[in-house]
Amino acid sequence: MAEIAVSFAIDHLLPLLREEANLLRGVHKDFVDIKDELESIQAFLKDADKKAASVEGDNISKGVKTWVKQLREAAFRIEDIIDDYLIHAGQQPHDPGCVDLLHKLKTILTRRRIASEIQDIKSSVRGIKERSERYGFQRSLEQGSSSSRRSRIAKWHDPRVAALYIEEADVVGFETQKDMLIYWLVKGREDRTVISVVGMGGQGKTTLAKKVFDNKDIIGHFDYRVWITVSQSYNVEGLLRDMLLKLYKQNGRDHPKDLFQMDRGSLTDEVRNNLQQKRYIVVFDDVWNVHFWDDIEFAVIDNKNESNILITTRNLDVVASCKRSSLVEVLELQPLTQEQSLELFNKKAFKFDYGGCCPKEFIDIVYEIVEKCKGLPLAIVAIGGLLSTREKNVFEWQRFKENLSLELKKDTHLIGIEKILGLSYDDLPYYLKSCLLYFGIYPEDYEVKSKRVIRQWIAEGFVKEERGKTLEEVAEGYLTELIHRNLVQASSTRIDGKAKACRVHDLIHDMVLEKFEDLNFCKHISDDGQSSFSGMIRRLSIATTFDDFLPHIEGLHVRSLFAFENEESYVYYEERIPTATTYRLLKVLDYESAPSLNVPKNLESLIHLKYLSFRHSSKVDEVPKSIGMLQNLETLDIRDTFIRELPKEISKLRKLRHLISSKLSLIKLKDRIGEMTSLQTLRNVDLGMDGATEIIKELGKLKQIRDLGLVNVGTEDGSILSSSINEMHHLEKLSVLSSSTGNDFDFIDLHLISTPTMLRKLTLGGRLQKLPNWMLELQNLVDLKLMYSRFTKDPIKSLKSLQNLLILSIGIASCVGFQLHFEDGWFQKLKELSVGYADELRDVIIDKGALPSLKKLELLVLRGLKNIPTGIEHLEKLEVLHIQSMQHEPVQPLSIEDMNWITELVPHVEISSYHTQWE
């Protein structure tokens, strides 16, 4: 019977298979054509994006915008069909005979569908092109782009122009900065100095510079004062002519008749000649281009006469370009404090009615309006000025506050805020625009970890390869550039100064959300019920307790899905999130902010998934075997879940770069983990079980590993672990915690022959007795944490040889003796020092010249500590002092007089004992 069935199948399938072969050849050709079409459309959209930013609604008709949107959606459809094609092209059976034939029969319909969709897309693209030719859309776009950005700003009532005429009484929060700038300018060096005022759009750079420029001390000190507005689009010859015209005017002379015929070289010489014997200040306001200093440097001569250049800019990289050939001082403007913001708002809003004072009945409303501005003077002045003209009615103001985002879009005076901020977006290179827009996916005021958003950018394909760098390193450069451009704020920083977490200003967030609609970038689904589902949406950000949106999202072609919970929403999430088959083209699935979600069903359908996070998910305790089907997965984050073991199928994920957990057994992968050769991050592997030796051997095959965390390491495994670490030539972070019995920890016996020269962060938790020699050779080490070490000799004298150490933490039975003595010259770069759980320690002595860079000192749970560290007054840069003694009596001295001199010396002090606490 089996033979008859096979014969029947062959007789009926062969004609279909021949037809399918012909179809396949046609599909393959169409596939190549449509890939080429996608590249052309994407190249055009990059250009169209730039041109659309250079013109406004009057110059680009609604039809042109619709046409560009149709092209963008066509590109989305092509991307989807390409991925669909690749899924099915890669699904070839391994079994011969009848099973193979039946499989091919099943794929015929799929390929017919793909072929039909490709033809439909090609027809759609032809139609879009025909409409462009018929109505001249592309020609309109080209013509519209000729208008300058500078003229656009004027139409919106440019706040930078208004800043030049602000009354002194209306300037708030710049007193200290103004005095500092005047001091630098008047008491400065003999050599020409570039002084830069840096801040985000609307932060008051021009206002501050103008107040300094017009100060009587500045007027009396300099022979020439020249103010030049640069902006995004500038002409070098035009700038030089502008400078010369103002120099001639101040000198009371007419300009040369051939001034407007001079080339750049002649203009440069003429400027130099005029400045040669003079003490001058030139303000270049609103500099964008990082090459600006190269264009202007030789004209502003260094005449050794205490001359200065003052530059205002949104971009720190502009400042960096000046440092190559000139002395530079930098003033980075910070947001106004809440008190300063309220003062400025009240001056503007109540200037004509209440003498600049806020009536009691308006206080709560004003506070919330000002909070929305997040210390940005431009927004405070604009909103305050608008409300100064409105009736002082609590109900009306309350309604204005509740609809503030809408008011920003419709009121003529407030539109300028968004446009000024939008200029920074327009100035971004194309590859950074999507990176900035990504911050709009997160809720307002959301703080996102830098590594999280960087890995998501990589998964989305935003990050392009650069020779000699990992994608993560390239993406970190992208984030740094956005921070330097003052579009992203570093909310917390690592010890090396790089951003640990970041967010965007509320008004930048609003500006980004406004762009979502035109770019089909992301759709927010929230409880406000404002969501519409027209067109194609690439990303979904879900933060709602309702599930009525589900029928609308089936055909949205979503590539990234984010879920955000609040206190009301968690009980609904399991039912609201569709199964994975709904989103089979997903690249990013982030449930980190929705801890009550389950692993989605049909996980194997997500063949394109690159980023998957269940971090903090309280309901996730198992990863299904189907995860082995996710061949493109790059990041799997299961920290703070109940997942303690992974299926062996995960070893099939050869592209996985980051596998991050809180405590994870790899026992099922003990002979396979070495096959995952793309791994860069692996944390935290639990080795406290039989078979750990095999796992450790496999770890030595991970040549690309950069961040490795191991827990419950046994003494007996020290030798084989050392051998594996010797093979990890790119290792940057290493954490090894030994196994323990009660409070007794095992030895960590590591003998590294090949010192990991790239190692920057090292955590060792376990008995050491003495410091290993290899540790003292880690000259790139910046962060060292030692716990449970039970040294028999004071480690501090040896650790002082680590010249680049920035953080040192010695805790839990790791400190030896009754005294810690830091001698002159020790730890020159150390910024943070923590010593804890050292029962015998009685005194800490700090000689003058020791720890000169220390900013934070923590002495925690020290049962024997009796005194404030001797020599603490030598720590001139100390900002935080935290001492916690377990004595029933507090550490001495704690008199009011002594506490006064300590708090005068250190801004943040907390000294506590078992019973008392001083702050």
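The values are calculated or read from the model by the stated rules, or taken from the named source; none is laboratory data. If you're wondering where the values come from, they're calculated on a predicted model, not measured in any experiment. Glycine also receives a Cβ, built like all others from the backbone with ideal geometry; neighbour counts cover every protein chain displayed.
Looking only at the range 303-320, which residues are at positive phi and acidic (D, E)?
Here is the first cut: in the range 303-320, the residues at positive phi are 304, 306.
The one that is at positive phi and acidic (D, E): E306.
Are any of the residues in the range 604-613 in a loop (DSSP other than H, G, I, E, B) and of a type in the set (F, W, Y)? For the range 604-613, residues in a loop (DSSP other than H, G, I, E, B) and of a type in the set (F, W, Y): absent.
Matching residues to (1) surrounded by 20 or more Cβ atoms within 10 Å (Cβ to Cβ); (2) in contact (Cβ under 8 Å) with a residue 60 or more places away in the chain; (3) β-branched (V, I, T):
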| position | (1), (2), (3) |
| --- | --- |
| D783 | no, yes, no |
| S789 | yes, no, no |
| K800 | no, no, no |
| N804 | no, no, no |
| G825 | no, no, no |
| K829 | no, no, no |
| R842 | no, no, no |
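Based on this model, can you work out whether R467 counts as surrounded by fewer than 22 Cβ atoms within 10 Å (Cβ to Cβ) and under 20 Å from R539 (Cβ atoms)? Break it down stepwise before answering.
Values: surrounded by fewer than 22 Cβ atoms within 10 Å (Cβ to Cβ): yes; under 20 Å from R539 (Cβ atoms): no.
Taking the combined requirement at face value, the residue does not satisfy it.
Residues of the range 661-710 that are within 25 Å of S617 (Cα to Cα) and basic (K, R): K663, K668, R683.
Given the criteria assigned by TED's automatic domain parsing to the domain that holds T207, closer than 22 Å to R485 by Cβ and not in a loop (DSSP other than H, G, I, E, B), does V318 qualify? So V318 fits the description; yes. Scan the range 492-539 residue by residue and report those that are farther than 24 Å from D426 by Cα and at pLDDT 85 or above. The answer is S492, T493, R494, K498, K500, A501. Set side by side, the residues L833, L859 differ, and just one is at pLDDT below 90 and in a strand (DSSP E or B), which is L859.
Condition check ((1) over 25 Å from K451 (Cβ atoms); (2) out of contact with any Ser or Thr (no Cβ under 7 Å at 6 or more places or on another chain)) across all residues:
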{"site": "E645", "(1), (2)": "no, no"}
{"site": "L653", "(1), (2)": "no, yes"}
{"site": "S661", "(1), (2)": "no, yes"}
{"site": "K670", "(1), (2)": "yes, yes"}
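Within the range 594-630, being surrounded by fewer than 18 Cβ atoms within 10 Å (Cβ to Cβ) and hydroxyl-bearing (S, T, Y) holds for S618, S626.
Just name the residue that is surrounded by the most Cβ atoms within 10 Å (Cβ to Cβ) out of those in the range 684-705 that are more than 25 Å from E634 (Cβ to Cβ) and of a type in the set (D, E). Selected residue: E694. Residues satisfying the criterion are absent from the range 774-783 (criterion: part of a strand (DSSP E or B) and modelled with pLDDT under 90). One residue stands out among those in the range 61-98 that are of a type in the set (S, T, N, Q) and part of a loop (DSSP other than H, G, I, E, B): the one that is modelled with the lowest pLDDT, which is Q92.
Here D242 clears all of (1) crowded, with 17+ Cβ neighbours inside 10 Å; (2) among the acidic types (D, E); (3) closer than 27 Å to P335 by Cβ except the condition numbered (3).
Only residues that are in contact with an Asp or Glu (Cβ under 6 Å, 6 or more places away or on another chain) and free of Cβ contacts under 8 Å to residues at least 12 places away in the same chain were counted in the range 311-360, giving 0.
Among the listed residues G355, G416, identify the single one that is at pLDDT below 90, over 27 Å from the mean Cα position of the chain (by Cα) and not polar (S, T, N, Q). I'd like the intermediate steps shown before the answer.
Working: G416 fails: over 27 Å from the mean Cα position of the chain (by Cα).
Only one candidate qualifies: G355.
At least 3 residues being among the hydroxyl-bearing types (S, T, Y) is the threshold, and among the helices (runs of 4 or more DSSP H) wholly inside the range 367-459 those reaching it are 412-426, 430-437.
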